[in-house]
Each structure stands twice: as structure tokens, then as C-alpha cells.
Amino acid sequence: MENCIRRIMPYINQVEKPQRYLGGEWNQAVKDPHTVKCRFLFGFPDIYEVGMSHLGMHILYEAVNRRPDMLMERAFSPWKDMEALMLREGIPLYGLESGRAAGGFDCIGFTLQHEASYTNVLGMLRLAGLPLRADARGPEWPLVIAGGPCGANPEPLAPFLDAIALGEGEELLPSMLGVIGVHKEARGGLADKAELLRELAALPGVYVPSLKAHVRKAVLPGLEGAVFPLAPVVPYIEAVHDRMMLEILRGCTRGCRFCQAGMIYRPVRERRKETLLSQARELRDRTGHREIALTSLSSSDHSCIMDIVSELSAEFSGDRIGLSLPSLRANHFSVSLAEEIQKVRKTGFTFAPEAGSQRMRDAVNKGVTEEELLSTVAKAVSAGWRQIKLYFMIGLPGETMEDVDAIAGLCRKVADAGTRVMKEQNQRGSLRIGCSVSNFVPKAQTPYQWVGQESQEELRAKQARLRHMIRDKRIAYSYHDPFTSMLEAAFARGGRELAPVLERALEKGCRFDSWTEELRADSWKEAFVDAGLDMQALASKRYDMDSPLPWDHLDYGVSKAFLKNEYEKSLRGEATGDCRGQGCAGCGVCPPGTNGNVLCGEAVD
């Protein structure tokens, strides 16, 4: 088969960052396609630098390529200059490892990380030369599958996909490729597509949209012994995150009611300190990165986090290898943890109060008080931090303008608390508070899946209110575009009626919709009108709590009864405790009478 990389070489200097498209990186896996039963092309629907920073892709790359009977290659969304060139010259999407055209693979799979990537998925299929609709692809075409967090409601994309992997993929994906390989070998190809799809649907965690049966997600019982990439592919150009990534735990049971990830990745499973130290040594020796990121949904909640950080710091600080952690909880333990983490290089301190008023923090089950936040900030400033970033959300169910005003008030109190400490200790320099405000987007499989999003006018009014109230030179205010949030909300809870919208949007040039400078709002509005749909009405739609939902047939373990109860508790401002230390909350993920959380030590309060 013709090598597409060779075909692209005469034009490669005409595009930005040519090394995005050439492959050949350190640690890439190259296999003879004639020695495997199934050839899989993993499509990441964003540019190379974003995709190469995604740990999930590296995990799947290891899970598939360690198997001698299958191979996985990578493809990323080409930037618009390269896409135009490829379309002009008739060069299809290809795998970076071999230059093989996408049509030469048995299966193409996409990760669905957010709704704004959907037009990129279709754009990659178009570039591959495949018919977009699954029912238009016969046995001569590769199977098209997907997975990732948007599997919580993939219905807007369902007409374009043959199968969807629900839940965790490091065991499920190789099982799916194994079925495809056996089917192909037994029948001399993928001639009987309908039978192959029935075989895939028999696997736990595989949803076949053409069958639309009830499917429960796939879950790893624990992370010890699970596949982990100790020699990940190292990019030749700077990625968004150039660092070693250690997944220290998976899942979160804090129970923030707006958080989809916190619901769909339950239960919590931790990796042991000894395993993490061993993995870090391997990654250091095989990548050359200068930073170790301790990744998870809630890394500071690992029950042995201080021991992990202390030992990693002691072993790697001599090599000038730094540590990083996602946003921390507002308590003094977090400051002590941050002091240990940032011995090599001090960056900012990040918290996510989510709401300005205690009433709203209680409603979303955030579990942090103003007193805790201010006390933690004071301790952080006392320890030498000068940059504090705060993340908030507006448009939450039940929010009033008083709650919005409280965001500005809390930012001022944080700035005052930090300034007071600096004066008391005669510290020099200036304090910078970042206030980043996003718009609430209701998501499937959460307690807020029934509620609609506020209108564009309401969200813009709240943003304007904050912009007017935050005029303190110590505070930098930033916010998310409400139109992007409305687009996300429409697809987050919509059904298959949205498929024509995606097709029209692609025709109108919509791509890279999560990139502010690339978003074509007018084209999206026209695409919805052409399909006879109202984007704002879809985003604001409120579902009856007793009516069927478009994603009801997809079971992520958390029961609908639990989600309803959490929504009702939200209206009353009642908290639900963390089942790691406060008893079972009855979410339904674990079998009755059991606790599926796998912890390494005493849970952190």
C-alpha cells in the first residue's frame, strides 16, 4: 500500500509544524501489518500537541501493541493548512507509524473527550475517504468505533459509529480488536458486518447503536497490574503537556453534582506508592521529561499522597525533575502538600470553590467553606505563594444574582487575606488572584441531567455583572464564551436528531470548535436552522424526571434513583458524604453490601 508520508513530503514545508505529520518519534511501535490479525488506527480529534498529551491514548497504545496479534497506530486532526493540502492533493488520513492510509486498517477508533470535538471526528472520517454514516459503509470499509467520557451520551454521533466502548478501555479495546481479528480470519475479511456487530455487542461494555440494547460500562477492578505505558511515545515538538504522567488513582467519590467524570468513573481505585515510584523511574529513563504529573480527577485525595510526594521529591529533585498536581482542596494539608511538590519550581496555587456563596457550594455538594478557603490562602501566601487561581461556575441550578455577586466578594476576600499576610510578614512583591468563570453545562449521567442550561442572555448578564464588580487590580477576571457552552449543552443531552446538524456544520467549515478563534458561530446557527432545530431550546431543555432520557439504555453504574435523590438534595442544600470515609451513599456502582473502592491506606478527610 502507498506510503502517505512519502506522498506528503514534497509539500511538507508549506504547512505549520511539519513534525506533526511525520511520525518516527522515540518509543513509537512499528509492526509488520502482515503478522497481525487486526490493524487499528486510533484517531484523536484534535491537533498532535493536544493528543500527545492525553494519557488515555498512551495507555491504549501500550494495551494494544503489547499484543503480538494486533497493532495500533495514531492519527490526529491535521490543522487547517494541512487538511486543505491533503484534500487538494488527494492524500487520505494515515497512520503516523507506517504512513498507511486509514482505509487500509480494519478498524478506526476515536476518543470523545468533549462535544466540541464532534466535527473533527467527521472531518477525519471525510479525510479518510469513508462514508460518514455507518449504514452507508459496507464490509469493504473499516469498522468505526469510539470511546471516552462522551460515551455517557453518544447519541448525536451514534449514526456515524458502528460501536462504542463504554467505560475503561485498556482491557475492553483489545477484546474488541480480538473479536474483529478472529472474525476477519474466519471469514477472510469483514464481509458479514451485521454478524460482526452482534459479536461485538456480546462483549460487556460494547454499545452497538444499530442494535440499541441496554449496556453497562466496563470497569477495571483495580489499577495494580493494569496496563500502564512505561515507554510512551515522546513527541519531537513541544506538546501541551511535556511531562511524565503517573495515574495515581482513578475515580472520584466526592460527589460534586455537576461533575460527569466524578459519576462515570466510580469507584475509586488507587495505585500503591511502590508501584508509582517504580513507574516514575522507568518513565525518567525512557522519556527524558523534566516533570512528573500526578494525574487523576482528585490527586490530593490519594490516601497515601504525602508519602508518595515526599518519596518522589526526595528521589527526583536531585535530577531537577519537578512534580505537579491538579487543583488542590482548600485545606492546610494541601498547602503542606504543595510545599513538598514545588521544591524544585514554584508555580501557582489553584483551587476550585465552584460557587461564591455557601448556599450554592452546599447545593452542588462541593464540601468547602469560605473559612477553609481563606485560611488555606493565608497559609499559602505565608509559605511564599504569590499567584492564586480560583475556578468558579455560573448558571448552576437555583443560582441567583446574589450568588453571582458572592463570587466577586469571595475573590476580594481572598485578595484581602493574602495581602494582610504579606503586610504582617513584611513580604515584598505583589499578589495576583485569577478568577476564571465557566458556564454550567448540564451533562448526562449526573444529578443535573434533567435540568436545562440558562439562556445566552442570562449567562451574559451574569458575566457583565462580574466584570462590573471585579475591578480590583489584584484580581484578573476571565470567562468562557456562552455560545460555546450552549453548543456543548445542546450536544451533551441531545439525541440522534442532531446528526444532520453535525453534517451541515462540517459542510460549512466548522472544525476545532473548542478553539475560540476557530469557532464559527454563524455557521453553527445556520446548521441548526437547516436541520429544523433550535440550538437554544435544546440547550435549555428540561426533561421530566419520570420520562425516558436519550441515554437511558447506557448504564454507567450510578443508579437513576441515586441521581434523582441527589438532585432533590441539591434543591434542599443537603450534602452527601464521601463513601471512602463516611459510609456508602448508595450510588449503585458497587454490588450491595460491598465497597468497591480500592485504597492503599487511610482515606484523607
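Need pairs with beta-carbon distance below 9 Å; first residue under 25 Å from residue 65 (Cα atoms) and within the stretch 178-198, second polar (S, T, N, Q); sequence gap 6+ or separate chains.
Qualifying pairs under 9 Å: 197/210.
Of the residues 418, 395, which single one is within 22 Å of residue 472 (Cβ to Cβ) and of a type in the set (Gly, Ala, Ser)?
Numbers: 395 fails: within 22 Å of residue 472 (Cβ to Cβ).
Among 418, 395, only 418 is within 22 Å of residue 472 (Cβ to Cβ) and of a type in the set (Gly, Ala, Ser).
Which condition from (1) under 30 Å from residue 308 (Cβ atoms); (2) at pLDDT below 95; (3) aromatic (Phe, Trp, Tyr) is the one that residue 556 breaks?
Here residue 556 meets the rest and fails (2).
Do we have residue 348 as under 30 Å from residue 460 (Cβ atoms) and either under 24 Å from the mean Cα position of the chain (by Cα) or among the small types (Gly, Ala, Ser) (or both) here? Steps first, please.
Details: under 30 Å from residue 460 (Cβ atoms): yes; either under 24 Å from the mean Cα position of the chain (by Cα) or among the small types (Gly, Ala, Ser) (or both): yes.
Spelling it out, residue 348 is indeed under 30 Å from residue 460 (Cβ atoms) and either under 24 Å from the mean Cα position of the chain (by Cα) or among the small types (Gly, Ala, Ser) (or both).
Conditions (1) touching a residue at least 40 places away in the same chain (Cβ under 8 Å); (2) crowded, with 18+ Cβ neighbours inside 10 Å; (3) within 19 Å of residue 12 (Cα to Cα), marked per residue:
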| residue | (1), (2), (3) |
| --- | --- |
| 77 | yes, yes, yes |
| 84 | no, no, yes |
| 88 | no, no, yes |
| 92 | yes, yes, yes |
| 96 | yes, yes, yes |
| 107 | yes, yes, no |
| 111 | yes, yes, no |
| 130 | no, yes, no |
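Could you list all residues from the stretch 59-71 that are part of a helix (DSSP H, G or I) and either in contact with a strand residue (DSSP E or B) (Cβ under 7 Å, 6 or more places away or on another chain) or surrounded by fewer than 22 Cβ atoms within 10 Å (Cβ to Cβ) (or both)?
59, 60, 61, 62, 64, 65
Quick check, is residue 529 of a type in the set (Val, Ile, Thr) and either assigned to a strand (DSSP E or B) or crowded, with 18+ Cβ neighbours inside 10 Å (or both)?
no
Between 492, 505, which is among the hydrophobic types (A, V, I, L, M, F, W, C), under 26 Å from residue 461 (Cβ atoms) and in contact (Cβ under 8 Å) with a residue 40 or more places away in the chain?
492
Would a scan of the stretch 113-127 turn up a residue that is outside any strand (DSSP E or B), at pLDDT 95 or above, in contact with a Gly (Cβ under 6 Å, 6 or more places away or on another chain) and within 23 Å of residue 7 (Cα to Cα)?
Yes, there is a match, as at least one residue in the stretch 113-127 is outside any strand (DSSP E or B), at pLDDT 95 or above, in contact with a Gly (Cβ under 6 Å, 6 or more places away or on another chain) and within 23 Å of residue 7 (Cα to Cα).
Considering each of 361, 428, 386 in turn, give the residue that is touching a strand residue (DSSP E or B) at 6+ places or on another chain (Cβ under 9 Å), charged (D, E, K, R) and farther than 25 Å from residue 456 by Cα.
386
Do you know which residues across the stretch 537-566 are out of contact with any Leu (no Cβ under 9 Å at 6 or more places or on another chain) and within 26 Å of residue 46 (Cα to Cα)?
Scanning the stretch 537-566 gives a single hit, 551.
Can you report the number of residues in the stretch 1-17 which are in contact (Cβ under 8 Å) with a residue 12 or more places away in the chain, assigned to a helix (DSSP H, G or I) and among the polar types (S, T, N, Q)?
Number of matching residues: 1.
Of (1) over 24 Å from residue 149 (Cα atoms); (2) hydrophobic (A, V, I, L, M, F, W, C); (3) within 25 Å of the chain's Cα centre (by Cα); (4) modelled with pLDDT of 95 or more, residue 571 satisfies all except one. Which?
(3)
Hey, could you check the stretch 19-45 for residues that are aliphatic (A, V, I, L, M) and out of contact with any Pro (no Cβ under 8 Å at 6 or more places or on another chain) and say which is farthest from residue 70 (Cα to Cα)?
Checking each candidate, the answer is 22.
From the list 88, 126, 66, which residue is among the charged types (D, E, K, R), out of contact with any helix residue (DSSP H, G or I) (no Cβ under 8 Å at 6 or more places or on another chain) and within 26 Å of residue 517 (Cβ to Cβ)?
Checking each option against the conditions leaves just 88.
Within the stretch 171-180, identify whether any single residue is under 28 Å from residue 229 (Cα atoms), surrounded by fewer than 21 Cβ atoms within 10 Å (Cβ to Cβ) and among the charged types (D, E, K, R), and answer yes or no.
Taking every residue of the stretch 171-180 in turn, at least one turns out to be under 28 Å from residue 229 (Cα atoms), surrounded by fewer than 21 Cβ atoms within 10 Å (Cβ to Cβ) and among the charged types (D, E, K, R).
Listed here are the residues, each with its yes/no results for (1) within 22 Å of residue 541 (Cα to Cα); (2) within 21 Å of the chain's Cα centre (by Cα); (3) modelled with pLDDT under 95.
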site	(1), (2), (3)
448	yes, yes, no
454	yes, no, no
457	yes, no, no
460	yes, no, no
464	no, no, no
472	no, no, yes
475	no, no, no
485	yes, yes, no
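The values are calculated or read from the model by the stated rules, or taken from the named source; none is laboratory data. Note that the structure is predicted; figures quoted are calculated from it, not measured. Every residue, glycine among them, receives a Cβ derived from its backbone with ideal geometry; neighbour counts consider all protein chains shown.
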